[in-house]
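Asks: Got a structure for you, questions after.
The values are calculated or read from the model by the stated rules, or taken from the named source; none is laboratory data. Worth saying up front: this structure is predicted, and the values here are computed from it rather than measured. Positions of Cβ are backbone-derived with ideal geometry, glycine not excepted, and every protein chain shown enters the neighbour counts. Just so you know, the surface numbers come from the protein's heavy atoms only, side chains and all, with ligands and any DNA or RNA stripped out. Shrake-Rupley method; radii C 1.70, N 1.55, O 1.52, S 1.80 Å.
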Amino acid sequence: MIPTLSTRWAVVGAVVLGFCAFSSGGLAAQNMQNGVIEGVVLDQVGDPIFDAFVVLSDQESSFTWTRRTDRTGRFRFSLLAPGNYSLFAETLGFMPKVTSNIPVLGGIAADVEVYLAPTAPPVVRVDTVSFAGGVRGRTRPGLGQWFGRPEIRGFPDRNRQLLDLTRLSSTADELAGVDGLPGSMTGVVVDGATLFTARHPYLSADAFRTSALPRSFFSQGFLLRNARDTEWGGAAGGFLVGQGRRAASRSEVEIFGDWTGSAMGAWTSEYLADNPESHNTYRFGATASIPITSDTTNLVIGFEGWNLELPRSTPLGAAELYQDLLDVLDPADAPRFEDLQEARLDRQTAYSGFARLDWAIGPTTLTSLRINVGEITEASGVALRGSTQGWDRVTMEGRDVSASGFLVSEISANTGLEIRAGFGSSTRDFSSGDVERNEDGVQTTTPATTFASYGLGVGSPPTAPASLSNSTFSGLVSGYYIIGNHSLKAGLAADYLTHDFDFLFGGTGQYFFTDPAATTNGEGWFAQAVGGPRGSAVTQGHYGAFLQDTWKVSDGLTVTLGTRYDYEQTPADELDPNLEWGVLTGTPNTFPQPGLTKLSSRVNVYWDVSGSGRTVVEAGAGVFSGMMDPSLWSEVLSQNGGVEARRAVGDLGVWPSLPDSSTAPITGPQLSILGPEERAPRTSRVTLGISQRLAAATWLHAGGSFRRTNFLPRRNDLNLSPFASGVDQFGRPLYGELNRVGELLVATPGSNRRFRDFDQVWALNTDGYSETRSVVVALEQGYRDWFDLFAEYTYSETTDDWFGARDGGPGGLPSPFPQQGESDDWRDGVSDFDVPHRLTVGLDLVVPQLRSLRLSGTYRMQSAYPFTPGFAPGVDANGDYVTRNDAAFVPDVPAIFDLADEWECIRDQLGQTAARNSCRAEITHALDLRLMYTFSRVGRGGVDLIVDWMNVLEPELGLRDTALLSVDSARDIVVDPETGETVLPFTVNPRFGQVLVGRSPGTFFRFGVRARF
Amino acid sequence: MNRPWNGVLAVTLLVLSAPFLVACEEDAGDQVLAIEARGAVGGVVFFDANGSGTPDGGDTPLAGVEVELVAAGTSTVVDDGITDTEGQFLFESVPVGTFDLRLDESELGDTLVVVGLDSAHVVIPMDGEIQRDLGVSYPTVTVEEARALPVGMPVFVEGITLAGPDVFNDNTMHIRGEELALRSIRTLRAALFPGDSVRLRGRTANFAGQPVLSDVTTFLFSGGIITDPRPTTLSTEEAAVALDGLMDADLARIEAGVVTDTFSVEDDFVAVVDDGSGPLELVLDRDVDFGFGSVPPGATFRRATGVLVPAPEGSSVWQLKPRSRFDIDVIPPGGVSGS
């Protein structure tokens, strides 16, 4: 019988799963918090040396450990903190040897071979070499990047947060998004405990900005793409891992501080040349290393604080907008908008403290406790940089507490145990100073108001106010057992999370006008979400079990196979669906699942081809399951009938006050319903990488990877009429009765609804996907301690159908062509996170003749993020109530020729509807330099003077005008009597592509001092 | 131990397993929530003889009429069908939502329109069978619209009764709309009283130079025009020209009109009265019991209320016809008042 295709797949699956079952005990030999250095001491002909004396030293902390080799010449040091180590080996009759710069990475063993040369006594010198075994470098193609001391402390930094390290990776974006996924999908792990910071549902691309994780706390960081160990779970993106520093062997205090500001006159940015705003940026901190009991109990405590002030240019056209507002405003209201004409200052103020206690209970048992606390305040635009409208005057206040502890024990030579526990608490409060209520509770704030002809907004943004918090309890128990060539590992993990959302998008009202004059002549529209509850409490439990076998097949060849099972407990039981809607439509006729089961299998092959570490091939494939976005649950739990919409078109009359209920009546409840068989995001990755040592300290890495993530949440409006009311002159289906009001287009409230007693009814379906194909090439070169260079380039292509994922809120934005079939889905195209080219370069240089002087720098080049040519805000080109999802048709008319000359994407799409994310601006370059001079040394201490020259190459960043077409207010909507098409009056926007709100950071110098004693 | 082929084997295993891992991805189509529910809508198409909008006594079903189901707010015909011999239609398995029902009016007579359909849309819920009857009848117009229509149009006119068809026993009737009044002729008798909301089915006509409704059937209904049935006080001169025709058929009142002449026309008593502004013919219909048969010259109508009707000769002259003894208050020459 010839097996069918499905049968063959089943056989392959059975083989793979069967293999996993066979090796189900397979575990890595180490816990993820610590590393191992093991190896052998040999004579010059390769025979093992028995009873050789081996001393291992932590190059950072000066801690030392000693061993003697066994009869096979082998030695082993375990429970090592991540960092760089030196190994000293000696025995009678041989020249002692020091092998330096042996890297220890969490969860990974470094294998060291030490060859001793026979020497007749007396021995007067020590042979010193740099470690050359294994892949020592920063890059593991396909797997990720390691950030060590140079990256954390040596290179010029943009800010003090752990997040900033991702700038040094060519596979991640500046918000820790990995492999074309948003930063919110990246798991953040600190000393083995996952950190869940509270996130704004509409600013989810910001992964975890927090002051609680300052650089001072860390000794090492990883950015893992294809984590091979099945212990890694709960995130479908990558993992950003931080390892806290341990105390030095002696008391030590380090302080630092730096400053920059306008008084230095160092600001050369074109944007800021005329900016009179004074600003001061200063950062400070101190860390104390306290050995309570030498070599046994050690404490590190520290704090950091900073106040970052960054002047921003005034938005394009803001001064003119303010003048136009004065013409129509009541003079008493004018002060509300004065800052439109002023340069503004983004400010971030933060304080943090941390402590870590390490206690070596015995030679084979180590325990550690740490706590990180932080408070951060951001004001004036920084907090809402994910928004497309350039809103300002919003402050964000956040507080984070993260504490964890672990106990690791090597019970025997081949058995070990690890126990971890963690707790976290996080709050984020977004508020607008403009949101106020009078004594009667009536909102007196200025609602979000967008002026289409300017592309700018004023008032309180629709994303504020918001109050978000969460708390987390986590725990893990794992153990390993080494049998023969197999290292088996098993464990259980649990996370229990509670989230609290107090947020209602558009709750303070949204006005759209052509310009200020339109506020008085009836050419605008209004929408507001009213009622409640404003969000919901969400409880999630995530429980997992993992099994793994690390099989040393032969010398140099290691295969790791593992599988992980997770169960995610959902708050489905708390759902209270809207019965009226259910009776009308039969939805929801499938209730969400109370729990989600996930199976994640991984395989990894590490092949040291030559056995000497010169050529290493590493390949891996794995499945990574994330958790459902809790903001999705909050939305479906809270928007089941109590939240209603009200809308108005035309004469609104009372701006900047809110229209009354007769002008803007209720148009029905807003509902959100989770799609059937909801799933948490799941990523499959395949990676292949080769590392080739070209010289003693020169490595060339190359690799490629493929990632596909499924079950991404997408949004569509169930209550949009299933039948178009017509088509425009470009063939775009229209819904409802479309009105032109000034330079805006909007549907008559209710006319585009399937059921007119309801407003928008969102289905949140977990049916989206994202794919990335990438190639990484990296070069690392070092020369003694004088020269250290790394360069990493990634070319990637990221596609998805996750439209609006970058700033559209949970589920993104609905399709502008909702009746297209799956095979012709306009949303399926270039991802919002697609950045084809990324290059990062780091250089650390010491002048040999002047050892106290060190020059370092980082350079980052990357493609700009893509965008879709569309319409001005407030133009709902297809009448579906959503203004940010419409793609423009690129008309082949003379008025567009200038834009076509400037923008290739316009030129290539003449006569077509613009493809999703078909345009992008020029590649950006950013270069930062640091000059450090150590002018005094006291023992191990010293004082460093640091001068940073930031943004030597300054990228042009900012919110661009993505409106290709504007509405011609001189013409009305007409129906062509011959074709029946609705002719919408469009004109070409000559400002297309220009930066509306500049975000360029400006070029500046920063002076700092660092002292150790 | 050092057997590189093991590495080849492992990589091969990896390559084999990698597509398996990827291929394990389920089709995400099951994750899509869509409205699959369907419902039904049916009803009867009928000739709405009384303009009530609902099938009731005297209405007749219409067979062979094409009915279309149209998505609300669009011109998309979702389904269509032909009524059976009972005038019934039914659309089954219709996607739930909001729709309009539409008749192919080209199959109706020129004068007919669909009247029995609620102006509201039809909301079809899941598994529901919505009943919507479609009446076909004449258009319902206001008094003002009826007066402006060309002659011969069958219509319904709604208004408030000023004088019922039994008042003058000549099959005429007077109704008032928002602003104007209308007289019907050849009106089927019915017990209607001033202030009754009434719907007249008839055909526009012209009589004595003024628009009227002819061949009229009356239907009482409630909730009609809320208007004041009280008369408008005019001088005799203004009443004689019905305020330049604007008050044709309307209810008017004169005061202090002195009888200057009297005569009879077809047994009706006509008194020419003048309040000093000009003469007006006041007609005491023989079929109305005024309590007296004539009024001598010199008598004074201290007050006289009635409907204004064009004079028979067709000139632009109107007569005032009181409807009952309560409409007049007359003072004999040198005597006391009585009505």
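Asks: What residues have an amide H closer than 5 Å to that of A:LEU712, excluding those fewer than 5 places away on the same chain, when H is modeled at 1.01 Å from N in the peptide plane?
Replies: A:ASP767, A:GLY768, A:TYR769
Asks: How large is ³J(HN,Hα), in whole Hz, for each residue of region A:474-480 in order, when computed from phi with the Karplus curve 6.51 cos²θ - 1.76 cosθ + 1.60 and θ = phi - 60°, using x for Gly and Pro?
Replies: 9, x, 8, 10, 9, x, 10
Asks: Something else: What FRET efficiency would be calculated for the residue pair A:THR296, B:VAL32, taking the C-beta separation as r and a Förster radius of 56 Å, to the nearest 0.05? Intermediate results must be reported in sequence, preceding the final value.
Replies: Working: r = 59 Å, r/R0 = 1.06.
Working from the Cβ atoms, E equals 0.40.
Asks: How about region B:236-295: which GluC sites (Glu not before Pro) there lie in a loop by DSSP and see at most 12 other Cβ atoms within 10 Å? All intermediate terms of the calculation are to be shown ahead of the outcome.
Replies: Working: sites: B:GLU237, B:GLU238, B:GLU255, B:GLU266, B:GLU281; in loops: B:GLU266.
Counting only loop positions with at most 12 other Cβ atoms within 10 Å, the GluC sites (Glu not before Pro) in region B:236-295 are B:GLU266.
Asks: Going 7 Å from the Cα of A:SER852 toward and past its Cβ, which residues in region A:971-1013 have a backbone nitrogen under 20 Å from where you end up?
Replies: Zone members listed by number: A:1007-1013.
Asks: What net charge is computed for the residues neighbouring A:THR560, neighbours being all others with C-beta under 15 Å from the C-beta of A:THR560, Lys and Arg scored +1, Asp and Glu -1? Don't jump to the answer; show the numbers that get you there.
Replies: Details: positive: A:ARG140, A:ARG228, A:LYS489, A:LYS552, A:ARG564, A:ARG602, A:ARG685; negative: A:ASP229, A:GLU231, A:ASP549, A:ASP608, A:GLU618.
That works out to +2.
Asks: Using the beta-carbon distance between A:THR415 and A:TYR793 and R0 = 45 Å, what value does 1/(1 + (r/R0)^6) give for FRET efficiency, to the nearest 0.05? Don't skip to the end; give the middle numbers.
Replies: Values: r = 44 Å, r/R0 = 0.97.
My answer for the efficiency is 0.55.
Asks: Which whole-number percentage describes the relative contact order of chain A, with Cα contacts under 8 Å and a sequence gap of 6 or more? Present the calculation step by step, with values, prior to reporting the outcome.
Replies: Details: 2970 pairs, mean separation 105.8, N = 1013.
Rounded, it is 10 percent for chain A.
Asks: For region A:86-150 and region A:974-991, write down the distance between their C-alpha centroids in whole Å.
Replies: 73
Asks: May I pose another question? For region A:722-787, what is Rg from Cα atoms divided by 2.2 N^0.38 Å, rounded to two decimals? Let's see the in-between values first.
Replies: Values: Rg = 25.7 Å, N = 66, 2.2 N^0.38 = 10.8 Å.
After normalising by residue count via 2.2 N^0.38 Å, the value is 2.38.
Asks: Per-residue accessible area for B:ASP166 at 1.4 Å probe radius, Å² rounded to 10?
Replies: 60
Asks: While we're on this one: Among B:GLN88, B:GLN131, B:GLN31, which one shows the biggest mean-square fluctuation in a GNM of chain B, springs joining Cα atoms closer than 10 Å?
Replies: B:GLN31
Asks: How big is the Cα convex hull of chain B in projection, averaged over all directions, in nm²?
Replies: Details: hull surface 113.5 nm².
Quarter of the Cα hull surface area: 28.4 nm².
Asks: If you don't mind, another one. Under a 1.4 angstrom probe, counting protein chains only, how are A:SER634, B:SER294 ranked by accessible area, largest first? Numbers along the way, then the final one.
Replies: Values: A:SER634 5, B:SER294 70 Å².
In descending accessible area the options line up as B:SER294, A:SER634.
Asks: Using Cα springs under 10 Å in a Gaussian network model of chain B, which residue among B:GLU36, B:GLU68, B:GLU129 shows the largest mean-square fluctuation?
Replies: Among B:GLU36, B:GLU68, B:GLU129, the largest mean-square fluctuation in the Gaussian network model of chain B belongs to B:GLU36.
Asks: Roughly what angle does helix A:318-328 make with the longest principal axis of chain A, taking Cα atoms, 0 to 90 degrees, to the nearest 10?
Replies: Long axis of A:318-328 versus the principal axis of chain A: about 30 degrees.
Asks: Would you mind working out the magnitude of the charge dipole of the protein assembly as shown relative to its Cα centre, with +1 at each Lys and Arg C-beta and -1 at each Asp and Glu C-beta, to the nearest 20 Debye? Mind showing how you got there, number by number?
Replies: Numbers: 101 positive and 171 negative charges, 1896 e Å.
My answer is approximately 9100 debye.
Asks: Determine the sum of side-chain charges near A:GLY416: Lys and Arg each +1, Asp and Glu each -1, restricted to other residues whose C-beta is under 10 angstrom from that of A:GLY416. Don't jump to the answer; show the numbers that get you there.
Replies: Values: positive: A:LYS489; negative: A:GLU410, A:GLU418.
Residues close to A:GLY416 contribute a combined charge of -1.
Asks: Along its three principal axes, how long is region A:798-839 when you only count alpha carbons? Whole Å, largest extent first please.
Replies: Taking max minus min along each principal axis of the Cα atoms, region A:798-839 gives 40, 23, 11 Å.
Asks: Please grab the % of Cα pairs in region A:571-701 that end up more than 27 Å from each other.
Replies: Numbers: 4792 of 8515 pairs.
Tail of P(r) above 27 Å: 56 percent of Cα pairs.
Asks: Please give the charge dipole size of region B:185-339, origin at the Cα centre, charges +1 on K and R Cβ atoms and -1 on D and E Cβ atoms. Round to the nearest 20 debye. Can you show the working numbers first?
Replies: On the way: 13 positive and 22 negative charges, 135 e Å.
Once rounded to the nearest 20, the dipole reads 640 debye.
Asks: A further question on this structure: Considering all alpha-carbon pairs of region A:90-183, what whole percent are spaced by more than 18 angstrom? Spell out each step's value before the answer.
Replies: Working: 2677 of 4371 pairs.
Percentage above 18 Å: 61.
Asks: Can you list, largest first and rounded to whole Å, the semi-axes you get for region B:201-327 by taking the square root of 5 times each eigenvalue of its Cα gyration tensor? Before the final figure, lay out each step's value.
Replies: Details: eigenvalues 127, 52, 49 Å².
Taking √(5λ) for each Cα gyration eigenvalue gives 25, 16, 16 Å.
Asks: Shielding of B:124-132 by partners, i.e. mean partner chain Cβ atoms within 10 Å per residue? Walk me through the numbers before you get to the answer.
Replies: Details: counts 2, 6, 7, 2, 2, 0, 0, 0, 0.
Per-residue shielding by partner chains comes out at 2.
Asks: If Lys and Arg each add +1 and Asp and Glu each add -1, what is the summed charge of the other residues whose beta carbon sits under 11 Å from the beta carbon of A:PHE889?
Replies: Working: positive: A:ARG732; negative: A:ASP728, A:ASP886, A:ASP892.
My count for the surroundings of A:PHE889 gives -2.
Asks: Calculate the tail of P(r) for region B:79-156: the fraction of all Cα-Cα distances greater than 22 Å, expressed in %.
Replies: That tail contains 37 percent of the Cα-Cα pairs.
Asks: Also, quick follow-up: About its Cα centre, what dipole magnitude does region A:440-592 give when the only charges are +1 on Lys and Arg Cβ and -1 on Asp and Glu Cβ, stated in debye to the nearest 20? Walk me through the intermediate numbers first.
Replies: Numbers: 4 positive and 14 negative charges, 102 e Å.
Value, rounded to 20: 500 debye.
Asks: Over the alpha-carbon set of region A:931-1013, divide Rg by the Kirkwood Rh and report the Rg/Rh ratio to two decimals.
Replies: On the way: Rg = 28.3 Å, Rh = 18.3 Å.
So for region A:931-1013, dividing Rg by the Kirkwood Rh gives 1.54.
Asks: So what's the convex hull volume per residue for the Cα atoms of the protein assembly as shown, in Å³?
Replies: Details: hull volume 292.1 nm³, N = 1352.
Considering the Cα atoms of the protein assembly as shown, their hull volume per residue is 216 Å³.
Asks: Measure out, as a whole number of angstrom, how far apart the alpha-carbon centroids of region A:292-311 and region A:593-625 sit.
Replies: So the separation of the two Cα centres works out to 35 Å.
Asks: Still on this structure: Dividing the Cα convex hull volume of region A:620-661 by residue count, how many Å³ per residue is that?
Replies: Details: hull volume 7.3 nm³, N = 42.
Taking only Cα atoms, region A:620-661 has a hull volume of 174 Å³ per residue.
Asks: State, to one decimal in nm², a quarter of the convex hull surface area for the C-alpha atoms of region A:161-220, i.e. the direction-averaged projected area.
Replies: That works out to 4.2 nm².
Asks: Could you derive backbone 3J(HN,Hα) for region A:696-702 from the dihedral phi with the Karplus parameters 6.51, -1.76 and 1.60 (θ = phi - 60°), listing whole Hz in sequence and x where the residue is Gly or Pro?
Replies: Ordered by residue, 3J(HN,Hα) equals 3, 10, 10, 10, 10, 10, 8 Hz.
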